[in-house]
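Written out below as structure tokens is the structure these notes cover.
The values are calculated or read from the model by the stated rules, or taken from the named source; none is laboratory data. Please read all numbers here as calculations on a predicted model, not as lab measurements. All Cβ positions, even for glycine, are placed from backbone atoms using ideal geometry, and neighbour counts span all protein chains on display. Please note that ligands, DNA and RNA were not included when accessible areas were found on the heavy atoms of the full protein model with its side chains. Shrake-Rupley method; radii C 1.70, N 1.55, O 1.52, S 1.80 Å.
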Amino acid sequence: MRLRNIPGAREEMLVNPFIVQEPARLRGRWHEEFGNDRPIRIEIGMGKGQFLLTLAQRNPGINYIGIEKYSSVLLRALTKQEELKLPNLRLIRYDAETIDEVFGDGEVDRIYLNFSDPWPKDRHAKRRLTSDRFLARYAKILAAAGCVEFKTDNVDLFDFSLEEAAANGWTLSYVTRDLHSEPEAETNVTTEYEDRFSAKGNPICKMIITRDQPREQ
Ligand code: SAM
């Protein structure tokens, strides 16, 4: 997936109008960027963008921001957005390690994590996007009624994520270990990885977690 070597990808990111440059300058002011007060939902690690572009097309009343670490991957999403020119979608090349420097407290309505890198070695557990360090950042930027939606086919990562959420005071509002057999499958928007893994016969796990603790002032 890390198509790091597409020539010119990084340069394209610097000049393309659909890519928000220096996103931290908009911290707490993303509604000005969109020109409305509609909810803001973000996907961290959006990859080539199938999921978020579909949501943005279906839900023009919601603002979406796709975040991806690698220019060469984001370029694929950008190419689709250049065709569609969706007014409710922005893209950012950014490492989510410091996501709370890009969004203000309570600014985000929902966070999507789809097929995040599993980082299977114990010593790399802190890099998982559902580790306690990341959950603490999400708790800061999420609105009081906000949630994190996470999908994966990786059972070890899913178990880890459930444990981290419970240990850090989040409430589990939905869980399944076979999303595509549930009634929710009808409205489920799939990602590139989801299509690939479910075609191989892997069940798709999903959890939705909410913050159940008041935000510290
Ligand atoms: N979400 C897509 C899907 O389901 O098809 C892509 C999944 S891919 C396994 C994980 C993606 O997350 C990669 O494109 C990777 O570059 C991105 N990623 C991993 N860590 C990240 C981070 N800290 N910040 C932003 N993106 C990250």
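So the values come out like this:
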quantity: Residue count, region 133-170 (criterion: open to solvent by 50 Å² or more (accessible area, probe 1.4 Å), under 23 Å from Asp100 (Cβ atoms) and touching a residue at least 12 places away in the same chain (Cβ under 8 Å)); calculated: 6
quantity: Residue ID - most open to solvent (accessible area, probe 1.4 Å), chosen from residues in region 46-72 that are farther than 16 Å from Asp195 by Cβ and within 13 Å of the ligand (Cβ to nearest atom); calculated: Lys69
quantity: Identity of the residue in region 108-130, in contact (Cβ under 8 Å) with a residue 40 or more places away in the chain and among the aliphatic types (A, V, I, L, M), that ends up nearest to the ligand (Cβ to nearest atom); calculated: Leu129
quantity: Breaking point among (1) open to solvent by 30 Å² or more (accessible area, probe 1.4 Å); (2) touching a helix residue (DSSP H, G or I) at 6+ places or on another chain (Cβ under 9 Å); (3) at negative phi, for Trp119; calculated: (3)
quantity: Test: residue in region 187-197 that is more than 14 Å from the ligand (Cβ to nearest atom), at pLDDT 95 or above and open to solvent by less than 60 Å² (accessible area, probe 1.4 Å); calculated: no
